[in-house]
Amino acid sequence: MLAVLRQRNFGLLWVGQIISMVGDWVLFVSLPFYIYTLTGSTLATGIMFIVQTIPRLFFGSVAGVFVDRWNRKYTMVIVNLIQALILVPLFLVRSQDLIWIIYICAFADSLVSQFFNPAQTAIIPMLVEEKDLLPANSLNSMSQELTRLVGPSLGGLLFGLLGVGSVITLDLISFLFSAALVALIVLPARSTAAKQEQQLAGSASSMVMNSLVKVWQEWRAGMQLVKKEQLVSAIFIIIGIAMVGEGIIEVLIAPYVERVLHSTPLVLGWLMSAQAIGGILGSLAIPRLSKIITPGRLMGVCGLTFSIGIIVLAIFPVLPVIVPVITIGGAGAVGFFIPMLTLIQTNVANEYQGRIFGALNAIQAIAMLIGMSMASVLGDRIGIVPMMVIDAGFNILAALLTFMLIRVSLQPVQPPARTKPVSGELGAQESATL
C-alpha cells in the first residue's frame, strides 16, 4: 500500500482528500449543533439532513453523465472551489431568521458534490495500474476512517472554543487546499484522458448548448449498461439491499445507546471511534486478504461478519462486548465495499464509470432513505432490538447474494457448443478445405 501512496499523482489526490474530509467532518458535526442552538428545534435540525439527501436522490446518476464528458481532474478542482464559495454565506447566519441560508448552502454543497464523488472514484484507474487499484481503494477507505476518527472531535473542540466561524473557516481552507493539490496531478497520456480533455475544451459551451436529448441519451446508455452487464446489475442489487440495513442502523444507533445501553452521548462517540479504528484496520488488511480470497467471497465474508456483529449488539448489550464487536464490524464494512469498487473499476470501461458510480450513489441514497423510514416508523412500535435483527437480516441477504451473484457474473461466457455436422455438411467442409 505504501508503494501506491508514493506514486505522485495518487499521493496528491489522497492527501488532498484527507484534508478536505477533515473539514467536512468538522462542519458536519458542528452545523447541526449550531442550528439547534439558534432554534431549539429538532425539526429545524432535521431539515438540514433532508436537503442534503435530496440531491443524491435526484441528481446523482445525472451528474455522472457530465463526469464522463468532462475532464475529471478539472471537474474536481472546480467543484472544490465552488464548495469553498458556498461556505461564505454561512458567516452571515447569526439568528434564527437566517437559518434558510444554511439550508440553501447545504443543498448547494450536496448538489455539486454529486459531481466530485464519481469523478474521484473514476479517476483512480487513470492514476494507478490495474494491479494497484485495490490497494488504492483501500487507502481511500482508510482516509475516510481516519477523518471520521479525527474530524468529529476536532469539530466539537473548535465549535466549543471558538464558535461556528472557526469551523466554517477550516472547512473553506480545506477545500482550497484540496483544489490546489488536485490541480498538481498530471494525467497520463491515455486515450480516455485525451478524449476527456477534448470534451473539456468545449465543456463551458456544451453545458449551455448541448441538447437535453443528448444528455438523456448518454444517461440512458449508462443505465442500459447497468442492466446489460451482469456484474454491475449484481452489485447494484447487493448494495441496494445492504444500504437499507445501513439506513436502519443510522437511525437506531443513538436510541440504542440511550435506551438499550442506558448510556450517554459520550459512549456514542466511543462507538463511532471504535468503528473508525476497525475501518482503518480493515483497510490495511484487505489488500493482503485479496491475494488469497476472490473478491466475491471476500465481500460475502465481510458482509456476514458485519451482520453477525449487529446480532451480537442486539443480544449482548454490554459495553465491554460491543466495543470490540463494533471494531470488527467496521473492518467488515470496508471489506465489503473496497472489493466492490475495484470490481467496477476493472470491469467497466473508464468512459462509463462516472455514470455508474453516480447511479450507484443515487441507489445508495434511495435504499438508505427506505431503511431510515422503516426504522423511524417501526422503531417505537416493535422495539429497537427487533429492528436491529431486521437490519442484520438485510445485511445477511446482501452477503449471501454476493456469494452467488458475483461468482456467477465473473465466470467467462462459454461459446455455444457446436453440433456434430451431418455427412453432407462434413463433405462440404472438406471440399472447401481442399
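The values are calculated or read from the model by the stated rules, or taken from the named source; none is laboratory data. All values reported here derive from a predicted model rather than from experimental measurement. Every residue, glycine as well, gets a Cβ built from its backbone with ideal geometry; the counts of neighbours run over all protein chains shown. Note: areas computed on protein heavy atoms with side chains; ligands, DNA, RNA excluded. Shrake-Rupley method; radii C 1.70, N 1.55, O 1.52, S 1.80 Å.
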**Study point:** Odd one out for V150 among (1) more than 30 Å from P287 (Cβ to Cβ); (2) open to solvent by 20 Å² or more (accessible area, probe 1.4 Å); (3) not hydroxyl-bearing (S, T, Y)
**Key:** (1)
Check your understanding: What about I101, is it open to solvent by 30 Å² or more (accessible area, probe 1.4 Å) and β-branched (V, I, T)?
Key -> no
Review point. Take the residues of region 236-262 that are open to solvent by 30 Å² or more (accessible area, probe 1.4 Å) and free of Cβ contacts under 8 Å to residues at least 40 places away in the same chain: which is nearest to M388 (Cα to Cα)?
Key: I253
Check your understanding: Among (1) among the hydrophobic types (A, V, I, L, M, F, W, C); (2) open to solvent by 60 Å² or more (accessible area, probe 1.4 Å); (3) modelled with pLDDT of 85 or more, which single condition is L13 missing?
Key -> (2)
Review point. Has region 45-52 got any residue that is without any contact (Cβ under 8 Å) to a residue 24 or more places away in the chain, open to solvent by 30 Å² or more (accessible area, probe 1.4 Å), in a helix (DSSP H, G or I) and of a type outside the set (D, E, K, R)?
Key: yes
Exercise for review: With respect to S174, determine if the residue is surrounded by 20 or more Cβ atoms within 10 Å (Cβ to Cβ), at pLDDT below 85 and among the polar types (S, T, N, Q).
Suggested key: no
Point to revise | Hits in region 4-43 (condition: without any contact (Cβ under 8 Å) to a residue 12 or more places away in the chain and either of a type in the set (G, A, S) or in contact with a helix residue (DSSP H, G or I) (Cβ under 8 Å, 6 or more places away or on another chain) (or both)) | key: G11, Y36, G40, S41, T42
Practice item. With the checklist (1) open to solvent by 30 Å² or more (accessible area, probe 1.4 Å); (2) farther than 26 Å from A274 by Cβ in hand, flag the one item I356 doesn't pass. Key: (1)
Check your understanding: What are the residue pairs meeting all of these: first residue in region 100-120, first residue over 30 Å from V348 (Cα atoms), second residue hydrophobic (A, V, I, L, M, F, W, C) and open to solvent by 50 Å² or more (accessible area, probe 1.4 Å), Cβ atoms under 8 Å, and 6 or more apart or on different chains?
Key -> I101/L92; Y103/I47; F107/I54
Point to revise | Positions within region 344-374 being within 19 Å of I311 (Cα to Cα) and modelled with pLDDT of 85 or more, in sequence order | key: G371, M374
Check your understanding: Within the bounds of region 135-149, is there any residue that is touching a residue at least 60 places away in the same chain (Cβ under 8 Å) and more than 16 Å from the chain's Cα centre (by Cα)?
Key -> yes
Practice item. Select, from I390, I382, the only residue that is open to solvent by less than 80 Å² (accessible area, probe 1.4 Å), modelled with pLDDT of 90 or more and closer than 27 Å to G247 by Cα. Key: I390
Review point. Residue check: is S113 at pLDDT 85 or above, of a type in the set (S, T, Y) and within 15 Å of the chain's Cα centre (by Cα)?
Key: yes
Check your understanding: For region 85-97, how many residues are closer than 19 Å to F159 by Cα and in a helix (DSSP H, G or I)?
Key -> 7
